[in-house]
1. Which angle from 0 to 90°, rounded to the nearest 10, does the C-alpha axis of helix 185-194 make with the longest principal axis of the chain?
2. Placing +1 on the Cβ of each Lys and Arg and -1 on the Cβ of each Asp and Glu in the chain, which of V38, A126, S231 has its Cα farthest towards the positive end of the resulting dipole?
3. Report the GluC sites (Glu not before Pro) located in region 186-253 that are in a DSSP loop and have at most 13 other Cβ atoms inside 10 Å of their Cβ, or state none.
4. To the nearest 10 degrees, how steeply does helix 142-153 sit against the main Cα axis of the chain, on a 0 to 90 scale?
5. Can you tell me the orientation of helix 213-242 relative to the chain, as the angle in degrees between its alpha-carbon axis and the longest Cα principal axis, to the nearest 10?
6. Treating the beta-carbon of each Lys and Arg as +1 and of each Asp and Glu as -1, no other charges, what is the dipole magnitude of region 35-127 about its Cα centre, to the nearest 20 debye?
7. Give the peptides 187-196, 45-54, 120-129 in descending order of average Cβ contacts within 10 Å, highest first.
8. For the chain, what percent of Cα pairs sit more than 24 Å apart?
Amino acid sequence: MRQFWIIVLLLAGSILSGCSVLQGGKLLAPESFGLTPVTPGLYIESGADEATREKLREAMANAENAIRASYGNTSASPIVHACITEECYEGFGGGRGSVAKVYGQRILLSPRGLNWHFLAHEWSHAEMSTRLSFLAWNRLPRWFDEGVAVAISEAPEHSESHWKFLDATNVPRPTREELQTFKSLRQWLDAIHKYGEDQNIERKAKGEPEIRPVYSAAGHELRPWLAKAGSAGLLRFIEQMNEGAAFESAYQTANTAVERDASPQSGSRPSP
Ligand SMILES: [Zn+2]
């Protein structure tokens, strides 16, 4: 069943992201396509120097710490594939506008994503899909999954200070209400396009700052939620989704339950 689930995700990820099934499927045999193992479950493009391999090992350890801090422990055992050239990344189905991606339990990093932030981001997606049942995962809105990944990974590109920069420079951003309509992957990708987040290569070429209004909006929404709900609230949310609760109810209840359980001494809990 697990094998079936991995194949479904591989196929869905490959089709929806526009790459061929063959490209995503190559991750099933990384050593046949120019990657070499660094540690079990961690591959890097052949030719990477020792400093880069060490950087990747460190990133893996830091990403795992971030996942443990938010999910309590790790359920997913992602296999990581790191590319040091764009050709390698594109060869495995990575788009030029993206930094990293995940196919089920298989994470693909571009040369721009060789750090713990993007590793933790994709790992959070893998963790969520592992912990949720197939039906519950299908009911999970994309904006929530992305927001949790953004909050956990603390990538500067999606940070609160980037959100403030967008605000200060009047860059259009989705409102909270609009953000919560980005439920399917299709709606999410349409939003990325609508807010110009897929135009960063062109922006960079013109010497303009890169903008990430949609990812930053998801982080802005989920950061206070996660700070308040904590690991216990996130796990309770996942449990409720698996029990069949509607997303809205699980999203609200995680916060309420955490508030109710909080002792009077817990006043130092971060507030939104
Ligand atoms: Zn993501």
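Please treat every number below as a calculation from the coordinates, not as lab data. Note that the structure is predicted; figures quoted are calculated from it, not measured. All Cβ positions, glycine included, derive from the backbone under ideal geometry; neighbour counts span all protein chains shown.
1. It is inclined by approximately 80 degrees.
2. S231
3. Filter output for region 186-253: E210, E243.
4. 80
5. Approximately 70 degrees, to the nearest 10.
6. 220
7. The most tightly packed comes first, giving 120-129, 187-196, 45-54.
8. That tail contains 50 percent of the Cα-Cα pairs.
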